[in-house]
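Everything below concerns the one structure shown next.
Bear in mind that the values in this text are calculations on the coordinates, not laboratory data. What you are looking at is a predicted structure, and each value in this text was computed from that prediction instead of being measured. Ideal geometry is used to build each Cβ from the backbone, glycine not excepted, and the neighbour counts take in all protein chains shown.
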């Protein structure tokens, strides 16, 4: 059924949101070099070839490959990252829990026992220079593995102190910190052998107190859990999602990680993925979405469902604090084969729009430039459809969120913010997720319109008002100017449109 929407100019204010709402991860394994998710073939991206099935979750060799360190000094990378404006950059990931900081070169490149990789001083300075160049704030997590201490021994800051002190001395201080990435999966996330929820609470308290005593300006963020547990999964519309955590061996809940703690976070954090990628679909089929459903109401409701289900945890453990999604993407396991295509733009923009209506905080997209879900293609740094979609969000959607009085429904996901340019008026985003029906918009005045579309959903090239969004010579951005419309505006099926009034 075709939908009709009447846009207004005098709207009720819901809240103000953080100007760095749209942020992203640069995984520790990108910085050090090492294993990460295996790239999809062209046939897999196009949907013509399936990813080979796994025998078990232990069969990681078929889904991983080795990558060299990312070049954070690359001019193209920096130029495109800087276009977003000020952001948070999170350096973390499962690999960060098992990374040794060798800032004096004593290891000679040999990874110490109990660790998985080495971060050199040069690589760390590269992160700091990158953040300074693009005007980013830095969030990190620290190592907490068998190499640092045994499960029955308390965590100590010998290694973490290197990160914090060197950053501060260099003039690009760490501004926020999580203790450990995805601690509710314990051993799978790199914790010491035999580590329990009680061990984590002990060490989390030690970490928070150490940071507060020595770096009081740093925001403490946590617990950084994979949000797929018990009733949470049902509330978030994720069905059998809780099964993923149980398949990873020993695990614990958010309450296990927070109850009994003496120290408290400043910001509540969790991870959201819409499901499990093609790489893992054969061993976790209940968690994998068929590509035919990626524009469905059920699929698009997962991100706001996760945010709503997380709010009670935030209110319980970090009352009045912001809520950060410190990893966000279409699918755990490096993203689906379609993550790099136009198909994922609907989920990405819908997540930003719905999150801002629910709470205030930051969404860290995983990642900037690695794996299928990266804004930029690994190696070439060519921008993907999601890059241009969130670029338009950052340039058009302001920090004041309005109530549109339009219920979310197929064909009409309507969001309204102040104008980013500060001028009077309203910036709308209207997502027509129907594959068959048009949506009609009644405009109250002449509007500037930016419509995103593609020749087909799995296209790697997105169109803005019918023109291809690809870089020009010298890595210059394509033309991002709108078309002017008045009266009635027709939004074609499977389109996302920014309307500036």
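Averaging the sequence gap over all C-alpha pairs within less than 8 Å and six or more residues apart, then dividing by the number of residues, gives the chain a relative contact order of 17 percent.
Roughly speaking, what is the stretch gain from residue 262 to residue 465, that is 0.36 nm per residue apart minus the C-alpha to C-alpha distance, in nm to one decimal? Could the numbers behind the result be given before it?
Numbers: separation 203, 0.36 × 203 = 73.08 nm, distance 5.44 nm.
Between residue 262 and residue 465, full extension yields an extra 67.6 nm.
Label-to-label distance for residue 403 and residue 193 is 5.8 nm, based on points extended 7 Å past Cα in the beta-carbon direction.
At 25 °C and 0.890 mPa s, what whole-number value in µm²/s does Stokes-Einstein give for the translational diffusion of the range 242-369, with Rh from the Kirkwood sum over Cα pairs?
Details: Rh = 15.6 Å.
In µm²/s, the coefficient rounds to 157.
The angle between the Cα long axis of helix 345-358 and the main principal axis of the chain comes to about 80°, on a 0 to 90 degree scale.
222 nm [θ] for the chain, helices only, -39500 (n - 2.57) per DSSP H run of 4+, per residue, to 500?
Values: 13 runs with 121 residues, N = 501.
It lands at -7000 deg cm²/dmol.
Which value in Å is the Kirkwood Rh of the range 325-440 over different Cα pairs?
Numbers: mean 1/r = 0.0663 Å⁻¹.
Answer for the range 325-440: a Kirkwood hydrodynamic radius of 15.1 Å.
May I ask for the angle, rounded to the nearest 10°, between helix 197-214 and the longest principal axis of the chain, with both axes built from Cα atoms and the value confined to 0 to 90°? So the inclination is approximately 90 degrees. Nearest 10 degrees is fine. How inclined is helix 385-396 to the longest principal axis of the chain, computing both from alpha carbons? Once rounded, one gets 70 degrees. Answer rounded, prolate or oblate for the range 1-56, using the Cα gyration tensor with square roots of eigenvalues a ≥ b ≥ c: rounded when a/c is under 1.5, else prolate when a/b is larger than b/c, else oblate. Cα axes put the range 1-56 in the oblate bin. The range 187-210 and the range 138-176 have Cα centres separated by 14 Å. Percent of C-alpha pairs per 20 Å bin in the chain, short distances first: 24, 58, 17, 0. If a spin label sat at a point 7 angstrom from the Cα of residue 122 along the line to its beta carbon, the backbone N atoms of the range 149-167 nearer than 20 Å would be those of 163, 166-167. Distance between the modelled labels on residue 253 and residue 60, one decimal in nanometres: 2.8 nm (7 Å Cα→Cβ projection). Extension gain for residue 436 to residue 18 (0.36 nm times residue separation, less C-alpha to C-alpha distance): 146.9 nm. Residue ranges 362-371, 319-328, 173-182, 115-124 sort as 362-371, 173-182, 319-328, 115-124 when ordered by packing (mean number of other C-beta atoms within 10 Å per residue, highest first).
Packing here is the average count of other Cβ atoms within 10 Å per residue, and on that basis the peptides 339-351, 398-410, highest first, run 339-351, 398-410. DSSP finds beta bridges in the range 18-399, and of those with both partners inside it, around 10 percent are antiparallel. Projecting label points 7 angstrom from Cα along Cα→Cβ for residue 41 and residue 153 puts them 4.7 nm apart.
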